[in-house]
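The values are calculated or read from the model by the stated rules, or taken from the named source; none is laboratory data. These numbers were taken from a predicted model, which means no experiment stands behind them. Here the Cβ positions follow ideal geometry from the backbone for every residue, glycine too, while neighbour counts run over all protein chains shown. Heavy atoms of the whole protein, side chains included, go into the accessibility calculation; ligands, DNA and RNA do not. Shrake-Rupley method; radii C 1.70, N 1.55, O 1.52, S 1.80 Å.
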Amino acid sequence: MSDASPPARLVPLLALACGSSVATVYFAQPLLVTLGERFGLGSGQLGAIVTVTQLGYAAGLLTLVPLGDLLNHRRLITGQLGLLALALLAAGLAPGVAALLGALAVVGLLAVVAQTMVAAAAALTPHARRGRAVGTVTGGIVTGILLARAAAGTLADLAGWRAVYLASAGVTVVLAVLLLRVLPASAPSAGAPTVGEPSTVGEPSGVGEPSGVGETSYGRLVASTVALFVRHPLLRIRGVLALLVFAAFSTLWSGMAQPLSEPPWSLSHTAIGAFGLAGAAGAIAAGVAGRWNDRGLAHRTTGVGLALLALSWLPIALTRQSLWALAIGAVLLDFAVQAVHVTNQTLIHAVRPDAGSRIIGGYMVFYSAGSSLGALGSSLAYAAAGWPAVTALGMSFSLAALLLWATTRRTGLPGDNSAVHRPSSADRVDPGDGA
């Protein structure tokens, strides 16, 4: 890669595009009740709207994100953004529930372009400024998640739920055109690394070769992600922790629209979406957790986070009596989830720094699976027994995560740097990784 700096406006534009893309995954959460009424869905079926989007996102992490190691960044990013705009247009114009669910699944699939843009920011920035560039673009993702629910709620109150997706489609087209003009036209060099991956990755097997190598290189790249999780227990443990933690997270955020839209509160879309601003605590937790991890306190960070996650459901259980209780519980929950999430990513990246991009992508599949499980479970629980059942479900996920951490902590696997695998020169992406 050249040491030349990218255009000054590229990194902020990538950050904006990342936030806009990730936000599409979360637009539906404050709109669930309205979408259920429009398409005739019962309370037990509302979770399917979030679930299909998250399943699409999980599929994209496995199938589309690896293309960033093989294809030209400008062509890949702008192409995915163009297709994402078409999927958002289809969602906004959906005539029936089948069309809506299909469009949202494709939205989730293509929203993973945000991960490709993070890798592009790293690949296109000189080493001395790379951390700052990646931090800026990642901040766009956090901001997009934070503002998505509030923006969707406000726009839905002003112009209806369809306007949320139609407006997002328009914004996505504009961003695609701007990035087409700003991103470098040249293809990445052979073996160009993604975030955390040195250029030696894949040299024995051809992974990381330029596009045109053929389907074998792409196939090995995808298969090696699965093989890494089969080979390293720490990746599996932290992946399951992510599944349980984000199942609890999604249980709250996918389920809260129903009790808040009903008496005694009967809140508007705007008010329901505004609760998403409690996620600001997550940004604080990310910084705190990062500092604790740097001090070798990964075990403690995980334990404290999971304990707070379980405790957060006590005030959340009082949602029908107090909105303040819900707000306090949401802050605790978001703080806990982000603390565990940052710790997980720090630890798993250390297992194989040369395969960091694939490991993070595989880890995020667990995240999407947990988000899907929580969304579907919360709607079924609410239909069966109301908010107490939703609270019990979220508490169950949280306690299961705490139990898993307590059990595996004794083995010295999660959070134990001495257990981190230090690969030899032979322990790279080879045909065995793809077996």
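Brief remarks on what is shown
- Scaling the Cα radius of gyration of the stretch 298-349 by the globular reference 2.2 N^0.38 Å produces a ratio of 1.27.
- Among residues other than E262 with Cβ under 15 Å from its Cβ, the summed charge is 0 (Lys and Arg +1, Asp and Glu -1).
- Note on the stretch 1-126: Rg/Rh from C-alpha atoms, Kirkwood Rh, equals 1.06.
- Other residues with beta-carbon under 12 Å from the beta-carbon of F366 carry, at +1 per Lys or Arg and -1 per Asp or Glu, a net charge of +2.
- Between the stretch 242-261 and the stretch 90-121, the C-alpha centres lie 20 angstrom from each other.
- Backbone HN-Hα couplings from phi across the stretch 296-311 [Karplus 6.51/-1.76/1.60, Hz, Gly and Pro as x]: x, 10, 4, 4, 5, 4, 5, x, 4, x, 5, 5, 5, 4, 5, 5
- Averaged per residue, the stretch 1-111 has 35 square angstrom of accessible surface, using a 1.4 angstrom probe with ligands and nucleic acids left out.
- The residues of the stretch 285-411 expose, per residue, 38 Å² of accessible area to a 1.4 Å probe.
- A convex hull fitted to the Cα coordinates of the stretch 59-132 yields 85 cubic angstrom per residue.
- Karplus 3J(HN,Hα) series, Hz, for the stretch 382-399 with 6.51 cos²θ - 1.76 cosθ + 1.60 (x for Gly, Pro): 5, 5, 7, 8, x, 4, x, 5, 5, 4, 5, 5, x, 4, 5, 4, 5, 5
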